[in-house]
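Asks: Can you read through this structure? Questions will come right after.
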Amino acid sequence: MSDATKPPNGSGSQSPGIIGKRVPKLDALDKATGRAQYGHDVTLPGMLVGKILYANVPHARIVSVDIARAQKLRGVRAVITGANNPGRKFGYGTDNTPLKGDKVRCRRDEVAAVAAVDEDTANEALELIRVEYDELPAVFDPRAALVEGAPKIHHDKPSNLFTRYDYSHGDAERAFDSADVVVEGDFDLPYVTHSAMETAFCLAAFDLQGHLTVWSTTQIPFLLQRDLSEALGIPGREIRVIQPTIGGSFGRGLDVYPFEPITVQLAQATGKPVRISFSRTEEFFASAHRQPAIVRMRSAARHDGTLWAREARLVLDAGAYISWGAVTPLVMMETVASLYRVPHAKFVADVVYTNNLPTGAMRGYGNPQSTFFTEVQMDELAEKLGMDPVEFRLKNANQPNEETPQGLKITSCGLRECITEAAQRIGWESRAATDERRFETDEPHVRRGVGIACTLNVGGGARIYRSDGCGATVKVDDFGRVTLVTGSTEIGQGSETALAQIVAEAMGVRLEDVTVINSDTSVKPWDVGVHASRTTFIAGNAAWRAAQDAKRQILAHAAQMLNVSADALEIGDRIVRVKDDGRQVAFDKVVRALHYREGGTFVIGTGWYDPPTQLVDKDTYKGNISAAFGFGAQAVEVLVDMETGKVRVLRLVAAHDVGRAINPMYCEGQIEGGVQMGVGYALTEELLVRDGQILNPTFLDYRVPTALDMPEIETVLIETADPEGPFGAKGVGEMGGTPTAAAIANAIFDATGVRLRRLPMTGERVLAAIIKGESNAASQTEP
Amino acid sequence: MRDNLLRMAKMRFPILLVVNGEEHELEIDPRRTLLQTLREELELGGTHLGCDSGDCGACTVLLDGEPAPSCLVLAADCDGRAIVTVEGLLQNGEPHAVQKALVAQGGIQCGYCTPGIVVSSVALLRANPNPNEAEVREAIAGNLCRCTGYQKIVEAVLAAAK
């Protein structure tokens, strides 16, 4: 007998059913034909357009806000300010308010908002608002913000240091003294931004009883209820959140932004539905970007190729307000302390307030940053040891069923297989003749190189809140339609399809008979939100439990109808049949028979899953944060033009341990999309920020890779059948983009002999490093 | 300048838009883009606003058979011209081969860029029924996608060409 509380993990036998099938997304046809309804498509009768006036000064006291002219403009229905509409503090750091009343701390700060009959009128009204500021000294460098006497961003906080993360295991200080090989370097990581193709959106409407409905692009519908309640004083039970089709998010929607309570305040002020849709420019400056990091890192190894110690010291620019992005050091330290076997590790990160734009969570949640500097140094160590980088990684790789010194309980682990597959498919063997290969190109000034990097990710949820749970119900109606209502959120990744496959498999019903409802807090059970690559694993386990519950109810009644025990029955092809003698009853008829009888009932199964994990200890940061871990290795082949510094990624192999691919097509899709963000992080993407202002807030100047910039991606799914995952699956959402930048940096080194420690590795920077490397031929590394 | 704009805001121009084979007589504000007109006047929501500056391709439509960013085209300039949106590529309720292939090959995730990708790809296949991979990448280079890494989109368009 299998454990009744857990879905099979798929080890041993391959499922004959729908698990592992490349079925299209349930909503793909609607999306392909333009029928899907996104937030921007939602309209309500009488709906007004909301617009926000931003400070555009980095640090100032608000002396006065004159809204008289704006209020008089025809078509304007409300003008609100922090003075006439004070909100309460909200957000992860409880340091933000919807509209700012006394002081602005960054150029994005929301000073006033307008609701008008159309967009032109709203924009015109903004131009009529006059704000007088008394400017204050501002600080934009987080290191300067930590110096005594620096301008203080929040007067009610003890200093500009929001928090320090200080982690260690082993004895890192002394380990460096006893190491045989040490590498050390400074890394500089830029602001980058999610760039979801649909911009952020909020529509708020009150009914006559005062109940609020909010349509939102959020990733955290239940926490949005809570945060709106906190910011506005409206009881959470009066707030309903609806998520229309969401056009990508990538972490943008993990925090509640001021524009969301402001939309609600405008709806309150006007008594009409109000919509605020970000323009692309707003999306560029008002999203919570991935924070820049200033990093000092060192790594050490022993002569025999044993990884020995790591130490990373980071300064992270949180900007003017603290978001969930401030928690990313938890993930960064995981890479430093637990990617490979690391006997000694130290990690210190200061999260600092500045007058820059607020930063936040973006796909990978700290991991793309930490994997970059950690994996570049793995390569440097291998080089200094005179060891092949692949061999060095294999020697130190994490193994199944081991606990890291940090307390991560690694169960399934395919890291070695990932490394081997990626290396083999990129042609690592022939790299032995590196020097010849470098010049094997059509043009003499173009060199070729290959590089590899690995990644460790949470793959079984991540307990960053006290609960990492998700609820699900499975209802069966009297026509045999199976409806999964899941707490989880679909942002385009394909979770609704994977969950439908899990339910279909668990119940023995056809995929086409399963509907997924996941978009309305008044209907769906509670869930933490879509983040940490958790949905297939957490919501999948919950959906499986709900499906089992519904199936039990159906089989119990069918057993009565057929006069056999429930164990003797199976469901398949819309029929419940006796396994031995083939007697049967239609699946929908069983449900109808339950409805139409005295003392009848209906079929609804429930499932809740909260993984067996821990919050990390608040002092030591140790603990098993996730119920499973995902691994991956990416190998790339690049061409570097030695005269221009231009890097072209020719090929990329992404081998990832996904546990079990519920839907291989979308596992690949997650990885390939991640790779694109990784290629952008590596080579082209950087928000240029000067004095708290973004200089390149357009897709013309902020270069997201196009189809021409992307290499051919070969994705390899390594299936290790995780014991806790639904049908063996682990999370895959974020890890595709995590090792990419390091793999490309390592390939650039292979091609040119220069190390790049600053992202993005633009042609200009690569060329400068090449010139520096040539003029300093004694050393092959950038100092 | 400002006064001129305000005066224009009150003016209305009669135009004839031929969208997906249907004629629409409209009285439009001359400042309105084709994208705004399609979405707001004709309720064709499949054409998406991504950047409003011609950089992302989410609003691509066929204008006299050529792909064009509808956010950069004034509706007034489209008087009498033939416009095809993503909705207009279905024939007798049957999706276009590109649409079917994107569905089948996993070329769609969040789907926000998809209508633009579909329109650019259909234009490519009409001009070049047997493109190679480089030609497909070139044809959709003006359509940003943040979800797929383009891998499965390129595979789908190549499959649709077969």
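Asks: Quick one: A:Asp30 ticks every box in (1) crowded, with 22+ Cβ neighbours inside 10 Å; (2) within 14 Å of another protein chain (Cβ to nearest Cβ) bar one, so which box is it?
Replies: Condition (1) is where A:Asp30 drops out.
Asks: Out of B:Arg137, B:Arg126, report the one residue that is surrounded by fewer than 18 Cβ atoms within 10 Å (Cβ to Cβ) and either assigned by TED's automatic domain parsing to the domain that holds B:Cys71 or assigned to a helix (DSSP H, G or I) (or both).
Replies: B:Arg126
Asks: Determine which single condition A:Ala36 fails, assuming it passes every other condition in (1) touching a residue at least 12 places away in the same chain (Cβ under 8 Å); (2) out of contact with any Phe, Trp or Tyr (no Cβ under 9 Å at 6 or more places or on another chain).
Replies: Result: A:Ala36 fails condition (2) only.
Asks: Among the candidates A:Gly46, A:Gly93, A:Gly50, single out the residue that is surrounded by 16 or more Cβ atoms within 10 Å (Cβ to Cβ), in a loop (DSSP other than H, G, I, E, B), away from chain B (no Cβ under 14 Å) and not acidic (Asp, Glu).
Replies: A:Gly93
Asks: Taking only pairs six or more apart or across chains, which ones have beta-carbon atoms under 8 Å, a first residue in the range A:207-218 that is farther than 14 Å from A:Val42 by Cβ and in the same structural domain as A:Glu260 (by TED's automatic domain parsing), and a second residue that is aromatic (Phe, Trp, Tyr) and surrounded by 14 or more Cβ atoms within 10 Å (Cβ to Cβ)?
Replies: Partner pairs satisfying both residue conditions: A:Leu212/A:Phe206.
A quick yes/no check of all residues on (1) under 14 Å from the mean Cα position of the chain (by Cα); (2) at positive phi; (3) within 12 Å of chain A (Cβ to nearest Cβ):
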site: B:Ala68; (1), (2), (3): yes, no, no
site: B:Ala76; (1), (2), (3): no, no, no
site: B:Gln105; (1), (2), (3): no, no, yes
site: B:Gln109; (1), (2), (3): no, no, yes
site: B:Thr114; (1), (2), (3): yes, no, yes
site: B:Ala123; (1), (2), (3): yes, no, no
site: B:Arg126; (1), (2), (3): no, no, no
site: B:Pro129; (1), (2), (3): no, no, no
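Asks: I'm told A:Gly451 meets every condition in (1) buried (at least 20 other Cβ atoms within 10 Å of the Cβ); (2) touching a His at 6+ places or on another chain (Cβ under 9 Å) except one. Can you identify the failing condition by its number?
Replies: Single failed check for A:Gly451: (2).
Asks: Mind telling me which of the residues A:Ala729, A:Ala741 ends up being crowded, with 24+ Cβ neighbours inside 10 Å, more than 22 Å from A:Thr535 (Cα to Cα) and touching a Phe, Trp or Tyr at 6+ places or on another chain (Cβ under 7 Å)? Explain how you work it out, then say what you get.
Replies: Details: A:Ala729 fails: more than 22 Å from A:Thr535 (Cα to Cα).
Exactly one of A:Ala729, A:Ala741 is crowded, with 24+ Cβ neighbours inside 10 Å, more than 22 Å from A:Thr535 (Cα to Cα) and touching a Phe, Trp or Tyr at 6+ places or on another chain (Cβ under 7 Å), namely A:Ala741.
Asks: Just to be sure I understand the filter: pairs with C-beta atoms under 9 Å, separated by 6 or more residues or on different chains, first member in the range A:700-722 and facing another protein chain (nearest Cβ under 9 Å) and assigned to a strand (DSSP E or B), second member buried (at least 21 other Cβ atoms within 10 Å of the Cβ) and among the hydroxyl-bearing types (Ser, Thr, Tyr). Which pairs pass?
Replies: Cβ pairs passing all conditions: A:Ile713/B:Tyr150.
Asks: Now for a separate question. Would you be able to tell me the number of residues in the range A:614-640 that are modelled with pLDDT under 95 and assigned to a strand (DSSP E or B)?
Replies: Count: 0.
Asks: Taking the range B:87-103 only, how many residues are within 7 Å of chain A (Cβ to nearest Cβ) and over 19 Å from A:Tyr38 (Cβ atoms)?
Replies: Matching residues across the range B:87-103 total 2.
Asks: Let me ask something else about it. Kindly check whether there is at least one residue in the range A:113-128 that is part of a loop (DSSP other than H, G, I, E, B), touching a His at 6+ places or on another chain (Cβ under 8 Å), surrounded by fewer than 21 Cβ atoms within 10 Å (Cβ to Cβ) and at pLDDT 95 or above. Don't jump to the end; show me each part of the working.
Replies: Initially, the range A:113-128 is screened for residues part of a loop (DSSP other than H, G, I, E, B), giving A:117-118.
Going one step further and asking which of them are touching a His at 6+ places or on another chain (Cβ under 8 Å), we end up with none.
For the range A:113-128, residues part of a loop (DSSP other than H, G, I, E, B), touching a His at 6+ places or on another chain (Cβ under 8 Å), surrounded by fewer than 21 Cβ atoms within 10 Å (Cβ to Cβ) and at pLDDT 95 or above: absent.
Asks: Does A:Val675 fit the bill of being touching a residue at least 60 places away in the same chain (Cβ under 8 Å) and touching a Lys or Arg at 6+ places or on another chain (Cβ under 6 Å)? Outline the logic, then answer.
Replies: On the way: touching a residue at least 60 places away in the same chain (Cβ under 8 Å): yes; touching a Lys or Arg at 6+ places or on another chain (Cβ under 6 Å): no.
It is false that A:Val675 is touching a residue at least 60 places away in the same chain (Cβ under 8 Å) and touching a Lys or Arg at 6+ places or on another chain (Cβ under 6 Å).
Asks: Out of the range B:140-159, which residues are surrounded by fewer than 23 Cβ atoms within 10 Å (Cβ to Cβ) and out of contact with any Leu (no Cβ under 6 Å at 6 or more places or on another chain)?
Replies: Answer for the range B:140-159, where residues must be surrounded by fewer than 23 Cβ atoms within 10 Å (Cβ to Cβ) and out of contact with any Leu (no Cβ under 6 Å at 6 or more places or on another chain): B:Gly142, B:Glu155, B:Leu158, B:Ala159.
Asks: Separate question: Find the residue count for the range A:246-274, including only residues that are surrounded by 24 or more Cβ atoms within 10 Å (Cβ to Cβ), of a type outside the set (Phe, Trp, Tyr) and either on the phi > 0 side of the Ramachandran plot or within 14 Å of chain B (Cβ to nearest Cβ) (or both).
Replies: 7
Let's see how each residue does on (1) out of contact with any helix residue (DSSP H, G or I) (no Cβ under 8 Å at 6 or more places or on another chain); (2) under 14 Å from A:Gly736 (Cβ atoms); (3) of a type outside the set (Phe, Trp, Tyr):
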{"residue": "A:Val675", "(1), (2), (3)": "no, yes, yes"}
{"residue": "A:Leu683", "(1), (2), (3)": "no, no, yes"}
{"residue": "A:Gly692", "(1), (2), (3)": "yes, no, yes"}
{"residue": "A:Pro697", "(1), (2), (3)": "no, no, yes"}
{"residue": "A:Leu700", "(1), (2), (3)": "yes, no, yes"}
{"residue": "A:Arg703", "(1), (2), (3)": "no, no, yes"}
{"residue": "A:Asp709", "(1), (2), (3)": "no, no, yes"}
{"residue": "A:Glu712", "(1), (2), (3)": "no, no, yes"}
{"residue": "A:Thr715", "(1), (2), (3)": "no, yes, yes"}
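Asks: Quick one: in the range A:352-398, which of the residues that are of a type in the set (Phe, Trp, Tyr) and assigned to a helix (DSSP H, G or I) is farthest from A:Pro58 (Cα to Cα)?
Replies: A:Phe392
Asks: Output the residues belonging to the range B:91-110 that are within 26 Å of B:His24 (Cβ to Cβ) and modelled with pLDDT of 95 or more.
Replies: Scanning the range B:91-110 gives B:Glu94, B:Pro95, B:His96, B:Val98, B:Gln99.
Asks: Right, something else. What's the number of the only condition in (1) under 30 Å from A:Asp141 (Cα atoms); (2) touching a strand residue (DSSP E or B) at 6+ places or on another chain (Cβ under 9 Å); (3) away from every other protein chain (no Cβ under 13 Å); (4) surrounded by fewer than 24 Cβ atoms within 10 Å (Cβ to Cβ) that A:Asp641 fails to meet?
Replies: (1)
Asks: From the list A:Arg237, A:Arg280, pick out the single residue that is in contact with a Cys (Cβ under 6 Å, 6 or more places away or on another chain) and basic (Lys, Arg).
Replies: One residue alone meets the criteria, A:Arg280.
Asks: Name the residues in the range A:503-550 that are touching a Ser or Thr at 6+ places or on another chain (Cβ under 8 Å) and in a helix (DSSP H, G or I), would you?
Replies: A:Glu505, A:Thr535, A:Thr536, A:Ile538, A:Ala539, A:Ala542, A:Ala543, A:Arg545, A:Ala546, A:Asp549
Asks: If I filter the range B:48-58 down to residues being at the interface with chain A (Cβ under 7 Å from one of its Cβ atoms) and touching a residue at least 60 places away in the same chain (Cβ under 8 Å), which single residue comes out as farthest from B:Thr85 (Cα to Cα)?
Replies: So in the range B:48-58, the residues at the interface with chain A (Cβ under 7 Å from one of its Cβ atoms) come out as B:49-53, B:55-56, B:58.
Then drop every residue that is not touching a residue at least 60 places away in the same chain (Cβ under 8 Å), which leaves B:50, B:55-56, B:58.
On the way: B:Gly50: 16, B:Asp55: 18, B:Cys56: 16, B:Ala58: 11 Å.
My answer is B:Asp55.
The values are calculated or read from the model by the stated rules, or taken from the named source; none is laboratory data. This one's a predicted model, so the numbers in the text were calculated from it and none came from an experiment. Every residue, glycine among them, receives a Cβ derived from its backbone with ideal geometry; neighbour counts consider all protein chains shown.
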